[in-house]
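The values are calculated or read from the model by the stated rules, or taken from the named source; none is laboratory data. The structure displayed is predicted, hence computed values, not measured ones. Methodologically, a virtual Cβ is constructed for each residue, glycine included, from the backbone with ideal geometry; neighbour enumeration extends over all protein chains shown. Heads up: the accessible areas ignore ligands, DNA and RNA and are worked out on the full protein's heavy atoms, side chains in. Shrake-Rupley method; radii C 1.70, N 1.55, O 1.52, S 1.80 Å.
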Amino acid sequence: MSILDQRKLIASIHPFELLSSNTLDNLMQKIDIAYYPKETLLISKNLPSIAFYIVIKGSVAEFIDAELHNVYSSGDSFDADALIYNKSQSRFVVDEDLICYEIKKNDFLDLMQNKEVQSYFLQDFITRHQHLKNYHAQSELTPFLISKVSDMFLHKACIVDKNETIYNAVVKMKELKTSVVIVKKESGNFVVTDTDLRDKVVLGNMQTSAPIDTIASSRMISIESHDFLFNALLLMTQNAIKRLIVMEDNQILGVLEQLDLLSYFANHSYLVAVQIDKAKNIEDLKNIQSDFKNLILTLSSKGVKVRYITKMVATLNTKIYKKVFDMCVDKTLQNQCVLVVMGSEGREEQTLKTDQDNALIIKDGVDVSLFYEPMMQLNRSLLEIGFPVCSGQVMVSNPFWRKEVKEYKLLIDDWVTTLNEQNLQNLSISLDAKYVAGDKSLLEELSTYLYQSFHNRDDVLAHIAKGVLSFETPLSLFSSFVLEKSHDNKLDLKKGGIFALVHGVRTLSLQYAIRETNTINRIKELNNKGVIDKNFATELIESFDTLSTIRLHAMLESKNSDNYINPKNLQKIEMDLLKDSFKVINKFKKFMSFHFHLEMVR
Amino acid sequence: MFSFFKNLQRNYSLSKLKNENFKFLFEPNTSDEYVVFDTETTGLNPKEDDILSIGAVKIKNNKILTSETFEVFIKNTQKISSKSIEIHQIRPCDLENAKEMQEAIESFLYFIGSRPLVGYYLEFDVSMINKYLIPMLGIKLPNKMIEVSELYYDKEIAFIPQGNIDLRFDTILKKYNLPNMGAHNSVNDAVMTGMIFLKLTQGK
């Protein structure tokens, strides 16, 4: 029945699903469908709103002053505020022939009697944002039920023949760094653990030249690699055992430890960290990198906020960097320099692999050429592990980013006096420098010098801040008519929003000598110093989180790591969150213009 | 001249009206409203087939008054062919709360009044109604008729004078970027037809 179809449609639009079946039935009898041709003015300061509109087809643009503020398309609704407060600062103009449902003003106000609907429409931006986010999180599937044994980190299997001596078996076990020995017998696979060795060999006074068979008493249970993880957990619980042999095509693939299984759900990152610590060469580290994506996927589907995911990825990346640094740089040289990461890695905001952005700061008076070979090797190793080279050559392999403290100071002096495009870029990237390995005090010395150089140089800071305005916020991209202008019908999240926010916050941090490199931490510090108020700070953090989340989801789906997303592929809720975030970005741009008097800077 | 004939025809028709209660059908329309309507039938032959349901919705200015929809299911003696069930998805069991034909037609007449009728291949729906109306009241529907496919044709032929205009319902919806509301039933079809009508009359 048609009334039912329309009812379904209305009920699918948040927050109308909150209405009771009865209320919805009543509402359906009051809804009309209206048609407005392009350019019809629906609401303005002088034209009070007569109805609540739900777009069926077409789009409506909202302008504040002359500026495009929002675009409403299929499934969107507007404008509760105009009805509740009986006035509006915005102009709502039909952008593409509009067919919409209309709930007449009085009927809408009646609806507001419903507490949940009321709170939805009356909430301010932040709470509404979180409300929508929670709603989104509920719809994610719990990964516990769908994870497979093959998703897990498996320990190598140390397999020996039953006639092997105990001594040889233990040597092999040590070589492979395993905690158990698997003994192959005709009747199946048996296990020898540390406990067996202690109790039966050491305390039982057995000769290490005896065959291992004599102490292998407990049979191992196996599971197929494509089986579900909860089945593995069940097997362990039922049989009171701590490990399973994982089979694939009748071959032993590895050993699944109970500890790993349990921590998989509690803290999957622990495993990756363990692997990095255990790595003996670049090859090992390379294998670990492939786990990263799974880790990110798991955490993201568990609903972990992107800012925590990126923080963790940054921690793990730092671990890898440290390990590579240890492998490449001679012990005697390690304290003569400091390795730093910069850019998104320095801000702890990279998720999937981004370019190598790194630099080496060498103690004054130490021979720079000593570091040539180690740094080239470091650069190659990182590339091999899977950190792509930086297109701007911001890497330790480039002598520009591998020099003494005093040379860097000269560079900073140059930045303060001449801010050309290249200098500006180098400065921005250096501001995000984060310690990785070596002598930390060298970095601190340089940072202090950097912040002092820019102290009270608001003229220079304004030039730096100008970058915030270099790209338009792509809010208008949602309406169909601008799509052809854009890149492949897509939208650049980085240019459109993330860059402005990151760069603006970075500039403010330079002005107020905030040493944090992470954008969210910087925003919090700016709030602590009273530069921005609590409410605005929260808005900025939420928006940054939203943009990063949508970018991550897009990257995970498209399997490439550019910053483009197609807004049409977004879910309705993501779309709303994105629009809200862009509004905050616009607000931030205005704040920056005012703060640095940007309209006066040429 | 034309309106003279129209008047003549109407007066003639009025004189045939068997039931004084329905005189309102002949009064001038003062409501500036239209009614879009659609019927679902057991088949496509007005002589043999029956009406299963009538759906209608009023249009005023630029609005489809979905708050004032009309929908009625009609009891039927004929067996519903399985082919037509596929189209309109009215199963015999859906007709359990249906009304008798006479009652359904009368309530439809009260709903439309003397408003102009709008439809897609209206001729078919009107002749289906007339099939019952003539024995009931001695008249055919006297309302002004507006055929949207004709409006569409007039508009399109202006752009491509020698062209073949595809008048299929789905084509028109697509051409005008109108939402297809899916399931075929009389009210849905009436609402979609209403959208085409608004697009053709209100659009720029």
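Take A:SER441 and decide whether it is open to solvent by 20 Å² or more (accessible area, probe 1.4 Å) and over 24 Å from A:GLU349 (Cβ atoms).
Answer is yes for this residue.
Of these, A:LEU419, A:LEU370, which one is open to solvent by 20 Å² or more (accessible area, probe 1.4 Å) and farther than 28 Å from A:GLY467 by Cβ?
Going through A:LEU419, A:LEU370 in turn, the sole match is A:LEU370.
Tally time: how many residues in the range A:451-475 are touching a residue at least 60 places away in the same chain (Cβ under 8 Å) and of a type outside the set (D, E, K, R)?
So the count comes out to 10.
What is the residue count in the range A:32-87 for residues that are among the polar types (S, T, N, Q), more than 11 Å from chain B (Cβ to nearest Cβ) and open to solvent by 20 Å² or more (accessible area, probe 1.4 Å)?
The qualifying residues number 4.
Would you mind finding the one in A:SER88, A:SER74 that is outside any strand (DSSP E or B), hydroxyl-bearing (Ser, Thr, Tyr) and closer than 23 Å to B:ILE59 by Cα?
Details: A:SER88 fails: closer than 23 Å to B:ILE59 by Cα.
Sole residue among the options that is outside any strand (DSSP E or B), hydroxyl-bearing (Ser, Thr, Tyr) and closer than 23 Å to B:ILE59 by Cα: A:SER74.
Would you check which residues across the range B:104-131 are over 15 Å from B:ASP49 (Cα atoms) and of a type in the set (Lys, Arg) and list them?
Scanning the range B:104-131 gives a single hit, B:ARG115.
Could you check how many residues of the range A:369-421 are more than 24 Å from the chain's Cα centre (by Cα), touching a residue at least 12 places away in the same chain (Cβ under 8 Å) and in a loop (DSSP other than H, G, I, E, B)?
3
Considering every residue within the range A:316-328, establish whether at least one is open to solvent by 40 Å² or more (accessible area, probe 1.4 Å), part of a helix (DSSP H, G or I) and of a type in the set (A, V, I, L, M).
Within the range A:316-328, the subset open to solvent by 40 Å² or more (accessible area, probe 1.4 Å) is A:319, A:322-323, A:326-327.
In the following step, the residues that additionally are part of a helix (DSSP H, G or I) were identified as A:319, A:322-323, A:326-327.
Retained after the next criterion (residues that are of a type in the set (A, V, I, L, M)): A:327.
Yes.
Can you find a residue that is at pLDDT 60 or above and farther than 26 Å from A:LYS583 by Cβ anywhere in the range A:123-143?
no
Determine which member of the set A:ASP151, A:ASP79, A:ASP110 is touching a helix residue (DSSP H, G or I) at 6+ places or on another chain (Cβ under 7 Å), at pLDDT 60 or above and not basic (Lys, Arg).
On the way: A:ASP79 fails: touching a helix residue (DSSP H, G or I) at 6+ places or on another chain (Cβ under 7 Å); A:ASP110 fails: touching a helix residue (DSSP H, G or I) at 6+ places or on another chain (Cβ under 7 Å).
So the residue among A:ASP151, A:ASP79, A:ASP110 that is touching a helix residue (DSSP H, G or I) at 6+ places or on another chain (Cβ under 7 Å), at pLDDT 60 or above and not basic (Lys, Arg) is A:ASP151.
Of all the residues that make up the range A:5-24, how many are part of a helix (DSSP H, G or I), open to solvent by 60 Å² or more (accessible area, probe 1.4 Å) and within 14 Å of chain B (Cβ to nearest Cβ)?
Looking only at that region, the number is 2.
In the list B:TYR132, B:TYR152, which residue meets the criterion of being closer than 20 Å to A:LYS38 by Cα, assigned to a helix (DSSP H, G or I) and of a type in the set (Ser, Thr, Tyr)?
None of the others qualify; the one that does is B:TYR152.
From A:GLU96, A:GLU102, grab the single residue that is in contact (Cβ under 8 Å) with a residue 60 or more places away in the chain, more than 18 Å from A:ASP25 (Cα to Cα) and either open to solvent by 70 Å² or more (accessible area, probe 1.4 Å) or within 14 Å of chain B (Cβ to nearest Cβ) (or both).
A:GLU96
Would you mention how many residues in the range B:57-79 are over 20 Å from B:GLN202 (Cα atoms) and within 14 Å of chain A (Cβ to nearest Cβ)?
7
One residue is enough: does the range B:114-122 have a residue meeting the conditions within 14 Å of chain A (Cβ to nearest Cβ) and under 13 Å from the mean Cα position of the chain (by Cα)?
Yes - at least one qualifying residue is present in the range B:114-122.
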